[in-house]
Amino acid sequence: MNKQKILITIIVIYSFLIQNNSLNAKPRTEINNYINNLNLGNENLIIIAMDIEDCFSCNLPKINGIYNNLKATISNSKTIIVIESKIPKDSYAMKNAFDTDLFFEDTLFIFSKNNLIFPNILIRDNFNNFINLNFNQLISNSTNINKLINPQNYEILKRIAIKETDDYIFTSPISPIISNGNLLFLAKLRNQILNYNFDNEEISEYFTPKIDDIYKYSNINSDSLDLFLSDGTPGINFLFQILNFQFENNKTVLLIDKLSMLNIDFDNKEISIDLNKGLFTIEDNINSFREFKSINYVKYDDFSLNQKNKLIKIKYGSDYRTKDSLALILNIGEDYVFDTLITVKDLKLKMYEYKYEINELVDFLGIAEGNKFFLLSKKCKKYTSIKIKS
Amino acid sequence: MQKIYKYQNKKLKSYNLTGVFNIYKDFDIKDMLIMDKKIYIVGLSDTKRILIQTYDFSGKLLKEEISYLNDDILLNTRFVKNDKNKLILMNKWRYKRWTLDYLQK
C-alpha cells in the first residue's frame with residue numbers, strides 16, 4: 001500500500017509537469033513519458049486504460065479475460081489498470097473488478113487527451129518500446145502477441161556491405177535490382193542509374209541523361225536550349241528527369257519528365273517550359289522515346305510493366321480534377337493512351353475518416369504474371385476527434 | 001486500413017492485411033515485392049522491429065516473421081528484385097550504412 005502511495009505521488013507531480021507542457025507535447029510521447037515516469041523497472045508492462053464515464057465497451061469480464069491472456073502470454077510482465085475519472089477516488093470501486101498488480105486513478109485524462117479509444121491496451125516491453133494493441137481484435141486473436149512482444153533477432157543468410165565513395169553518395173535508392181552480377185538502382189537526386197559491381201566492389205554510372213538525347217527527342221529550338229543551358233539553371237537534371245526505371249533482359253525502360261518546349265525571353269526574364277512524360281527505352285545501345293498521349297497533367301513517379309505491356313502508375317494528380325487519382329493503366333500497344341484511371345473512390349475507403357493526403361494513401365506497387373497488378377495501401381493519417389467533456 | 005489491391009480484367013479487389021495487423025497498426029509499410037507467385041511485404045516499427053509477411057494472390061497470409069533489430073537502427077529498407085528468386089533487402093542503417101541482406105524465404 002505504501003508503494004502505491006509513493007507511485008500516486010509521483011503521478012501527481014509528473015501530471016503537474018505534463019499539464020504545464022501539454023501544449024508542446026507529442027501525443028504518444030506524453031503517454032510514454034507518463035508510463036516511464038512511474039519508474040516500474042524494466043519488466044514488460046501491460047497497461048489497460050479506461051474512462052469511468054465514456055468507456056462504451058467496458059465489458060469487464062472481457063477485459064479481465066484479455067488481461068489474463070496477455071499476462072500468461074507475456075513473460076515477466078506486470079499488469080496495470082489506469083482509470084480516468086473526474087472525481088478523485090471515484091474509480092476505486094471499479095479497481096476491485098480486476099486482478100491487477102497496480103492500479104492508478106488519472107484525473108488529468110492523459111489517455112483521452114491523446115485521442116486513444118477506450119479500453120486502451122498498451123504494452124511497454126523490456127526494451128522500452130511501446131506497443132498499442134487493438135482491443136476488439138485482441139478478443140478474437142491473441143496468437144500474434146507473442147511474436148510482437150518477443151520477436152526473434154534479425155537473422156540473415158548472407159550480407160553484402162555496399163561501400164559508398166565520395167564520388168557516389170546516394171540517399172534513397174529506387175527500384176534496386178540485381179542482374180548479371182550487378183546491382184542497379186535509381187539515385188533520384190543524382191538523376192542517375194548507378195551500378196554496383198560485386199566483384200570489384202565499386203559504384204559507377206550506368207545511365208546518365210545526355211544533352212544529345214534532349215535534342216533528339218524534343219521539338220525545341222537548339223539555340224534556345226543552348227542559351228538556357230549556358231545560363232546554368234535549372235540544369236540538365238530538370239530537363240530530363242528520371243522518375244523510375246525497370247531493367248529486364250538488357251532492356252532498360254525509364255519513366256521520365258522530358259523538356260519538350262522552351263520559350264525564352266531574357267529581356268523580360270520570362271521562361272516557359274513544357275515537360276512531357278513518357279517512356280525512354282534503351283535496348284542494344286539504341287534509344288527510343290514514346291510520349292504519353294493523354295492526361296499529361298498527372299504527376300508520375302512510379303510505374304511497372306507486366307507481360308501484356310500495360311503500365312500502371314501510382315500518384316496523385318496535380319490539380320483539383322485529378323488529385324484523387326492513384327493509378328493509370330496505359331495500353332502501350334495501342335498508341336500509348338491511358339485506358340483506365342483508378343481513383344481513391346475505387347478503393348472504397350471511408351474517406352471522411354482521413355485527411356486528404358493521397359500520396360500517403362496508396363504508394364508502391366508490385367507486378368505479377370499475366371494481366372494482374374498489385375497495389376498496397378499504406379497507413380493513413382486519421383482525422384482525430386477531440387472529446388469534449390461536460 | 002492497410003490493404004492489398006489486385007487489379008485484373010479492369011476490376012479492383014481488395015484484401016486486408018492480416019496477422020499482426022489485426023492487433024497492431026504501427027508497422028510502417030516500406031515495400032512490396034511479387035516473387036514466386038507470392039506477395040512479400042516489409043514493414044518497420046520504430047526502427048526496432050522489422051516485419052516480413054507473405055501472402056498468396058488470393059490475399060491469404062502464408063507466413064509472417066517479426067524480427068528485432070538489436071545492433072543498429074534501420075532507417076529504410078527495400079526489396080531487391082533479382083533473377084535468382086532470392087529474398088533480398090537493400091537496407092540503410094544508421095551506423096552500418098548500406099547492406100544487401102539475404103533472408104530465408
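Bear in mind these aren't lab numbers, they're just calculated from the coordinates by the rules spelled out. This is a predicted model, so every value here is computed, not measured. Reconstructed Cβ throughout: ideal geometry from the backbone, glycine too, with neighbour counts over all protein chains shown.
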Pairwise over distinct Cα atoms, reciprocal of the mean inverse distance: report the Kirkwood radius of the range A:45-108 in Å, one decimal place. 12.0
When ranked by the protection proxy of mean other Cβ atoms within 10 Å per residue, highest first, what sequence do the peptides A:177-183, A:165-171, B:73-79 form? B:73-79, A:177-183, A:165-171
For the pair A:GLU248 and B:ARG97, what calculated FRET efficiency results from E = 1/(1 + (r/R0)^6), where r is the Cβ-Cβ distance and R0 = 25 Å, to the nearest 0.05? 0.30
Give me the Å³ per residue figure for the convex hull around the C-alpha atoms of the range B:18-105. 85
For the table A:LYS277/B:LYS92; A:LYS62/A:LYS95; A:LYS113/A:LYS147; A:LYS113/A:LYS345, the rows whose alpha-carbon distance is greater than 21 Å are A:LYS277/B:LYS92; A:LYS113/A:LYS147; A:LYS113/A:LYS345
Extension gain, A:ASN150 back to A:LEU341 (0.36 nm per residue minus Cα-Cα distance, nm): 64.4 nm
Of A:LYS258/B:LYS60; A:LYS216/B:LYS86; A:LYS188/B:LYS37; A:LYS348/B:LYS86; B:LYS25/B:LYS105, which sit over 31 Å apart, Cα to Cα? A:LYS258/B:LYS60; A:LYS216/B:LYS86; A:LYS348/B:LYS86
Residue span A:ASN32 to A:ASP166: 0.36 nm per residue of separation minus Cα-Cα distance leaves a gain in nm of 44.2 nm
In terms of the Cα gyration tensor, with a ≥ b ≥ c the square roots of its eigenvalues, is the range B:55-102 rounded because a/c is under 1.5, prolate because a/b exceeds b/c, or oblate? oblate
Take every Cα pair under 8 Å in chain B that's 6+ residues apart, average their separations, divide by the length, and report that relative contact order as a whole percent. 16
One finds the C-alpha centres of the range A:78-101 and the range B:1-72 to be spaced, in Å, by 37
Cα-projected label distance for A:ASP99 with A:ASP199, points at 7 Å along beta-carbon direction, nm: 6.8
Cα-based Rg and Dmax for the range A:141-182, in Å, come out at 17.6, 51
